[in-house]
Amino acid sequence: MTAVVTGIGGFLPPRTVTNDDLSRTLDTTDEWIRTRTGIRERRVVSDGLSTGTLAVEAGARALRSAGAQGVDAVVVATTSPDRLCPAVAPEVAFRLGLGTVAAFDLTSACSGFLYGLATAAGLIGSGTADTVLFIGSEAFTTLVDPRDRATAPIFGDGAGAVVLRRGEMGEPGALGPFDLGSDGALADLLAIPAGGSRQRSSDGGPGHGTVPEADWYLRMDGRPLYTQAVERMTQSAQAVLKRTDWSVADVDWFVGHQANIRIVRAVAEELALPEERVAVNIDRVGNTLSASVPLLLNDYAARGDLKPGQRVLLCAFGAGLSWGSTVLVWPDIHAEPVE
Ligand code: COA
């Protein structure tokens with residue numbers, strides 16, 4: 001018994017921010033951003049849109065793709081929730097008209113989609129749910145300092161979702177074995193210092209002083225993260241292929257987290273995967289954390305590049321540090337373009 005993908009959907013907020021837009025307020029250039037990251041533009045929330053509203057839009061499309069009226073559970077992977085408390089998933093379930101089903105959030109930054117797929121598969125495998133709507137949704141640009149040229153160009157907002165149902169291994173859409181891992185010793189490489197219980201984002205009351213503004217925002221040590229991303233994604237992908245009994249030659253599409261085009265290409269090179277089997281959309285969306293992998297799947301499926309029966313290797317890496325991989329044979333499902 002396993003979890004089988006029966007529907008997919010994605011949503012991007014309408015506001016586009018190009019590299020030239022950024023270079024008007026930051027000491028950067030379109031050329032630097034394109035050559036160092038592969039990003040040309042990204043979508044950014046505006047007009048009251050947030051992680052919750054993006055999740056509702058992507059979730060509705062995934063339910064439509066699956067032809068599902070309801071599900072037994074809603075899981076949202078996000079590192080930019082609408083509020084610290086409560087989780088956003090119950091409200092998303094309510095706004096989708098899904099009633100009082102089980103609903104919770106999961107936080108695993110850019111590997112959130114892989115951790116979430118494994119969690120949703122666990123809900124199904126344990127008999128807790130027959131069907132799960134799983135959404136990766138992020139308005140992470142709200143947590144990035146717009147004055148920081150090292151991080152502001154990298155991130156974008158969006159949401160991607162899948163519907164999963166109970167099924168059998170070997171069916172198209174069945175999620176294969178997972179490889180998941182973490183290294184908390186390197187937690188500080190990518191972190192938002194304030195806003196949690198360790199350091200609240202306001203002064204926390206009389207006598208507690210004021211938190212420096214920089215601590216409200218993401219801090220990133222890009223170089224070591226880059227090296228870790230290439231190493232961990234490569235190892236994780238190799239581990240899952242070994243457990244699946246697929247060779248690299250069996251993989252039709254490598255769908256890796258879109259953190260940086262150079263990272264994706266370096267992992268593909270380490271795996272000896274040719275460029276034409278590597279899915280890429282970072283140029284238009286940037287790094288959308290837990291929404292990255294499902295948005296990429298949705299893009300490729302919607303334009304027919306990802307076809308039923310093709311073998312897909314999913315792989316992600318992010319803050320924590322954390323990483324994960326799985327495989328599936330792409331099912332015969334409808335995907336709508338996000339634009
Ligand atoms: N525009 C222009 N110059 C910039 C810049 C920007 N937006 N950001 C940094 N620079 C400068 C730096 O100040 C540095 O200048 P110096 O050589 O005079 O000191 C130079 O460009 C090189 O900076 P560096 O940080 O070494 O560049 P890089 O090649 O490592 O690329 C990242 C930076 C962030 C793109 C890259 O390290 C990366 O992608 N890391 C992983 C990040 C990641 O994946 N995060 C999410 C994890 S899922």
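The values are calculated or read from the model by the stated rules, or taken from the named source; none is laboratory data. The structure displayed is predicted, hence computed values, not measured ones. Positions of Cβ are generated from backbone atoms using ideal geometry, with glycine treated the same way; all protein chains shown enter the neighbour counts.
Assorted remarks:
- Filter result for residue 105 (outside any strand (DSSP E or B), in contact with a helix residue (DSSP H, G or I) (Cβ under 7 Å, 6 or more places away or on another chain) and not polar (S, T, N, Q)): no
- Residues that are within 16 Å of the ligand (Cβ to nearest atom) and either closer than 18 Å to residue 120 by Cα or at pLDDT 95 or above (or both) occur at least once in the stretch 1-17.
- Against the test of being surrounded by fewer than 17 Cβ atoms within 10 Å (Cβ to Cβ) and without any contact (Cβ under 8 Å) to a residue 24 or more places away in the chain, the options 276, 339, 270 yield a single qualifying residue, 276.
- Filtering the stretch 129-153 to residues that are aliphatic (A, V, I, L, M), more than 10 Å from the ligand (Cβ to nearest atom) and more than 21 Å from residue 83 (Cβ to Cβ) leaves 129, 132.
- Scan of the stretch 217-232 for residues that are closer than 18 Å to residue 325 by Cβ, of a type outside the set (Val, Ile, Thr) and more than 9 Å from the ligand (Cβ to nearest atom), ordered by number: 231, 232
- Within the stretch 245-296, the set of residues being hydrophobic (A, V, I, L, M, F, W, C), within 20 Å of residue 43 (Cα to Cα) and within 11 Å of the ligand (Cβ to nearest atom) comprises 259, 261, 282, 289.
- Of all residues in the stretch 180-197, none satisfies being at pLDDT 95 or above, in contact with a helix residue (DSSP H, G or I) (Cβ under 9 Å, 6 or more places away or on another chain), buried (at least 21 other Cβ atoms within 10 Å of the Cβ) and of a type in the set (Asp, Glu).
- Test: residue in the stretch 57-68 that is buried (at least 16 other Cβ atoms within 10 Å of the Cβ), part of a loop (DSSP other than H, G, I, E, B), in contact with a Lys or Arg (Cβ under 9 Å, 6 or more places away or on another chain) and in contact (Cβ under 8 Å) with a residue 24 or more places away in the chain: yes
- Residue 52, sole failed condition from (1) out of contact with any strand residue (DSSP E or B) (no Cβ under 7 Å at 6 or more places or on another chain); (2) farther than 25 Å from residue 335 by Cβ; (3) in contact (Cβ under 8 Å) with a residue 40 or more places away in the chain: (2)
- The stretch 32-89, subset hydroxyl-bearing (Ser, Thr, Tyr) and out of contact with any helix residue (DSSP H, G or I) (no Cβ under 6 Å at 6 or more places or on another chain), residue nearest to the ligand (Cβ to nearest atom): 37
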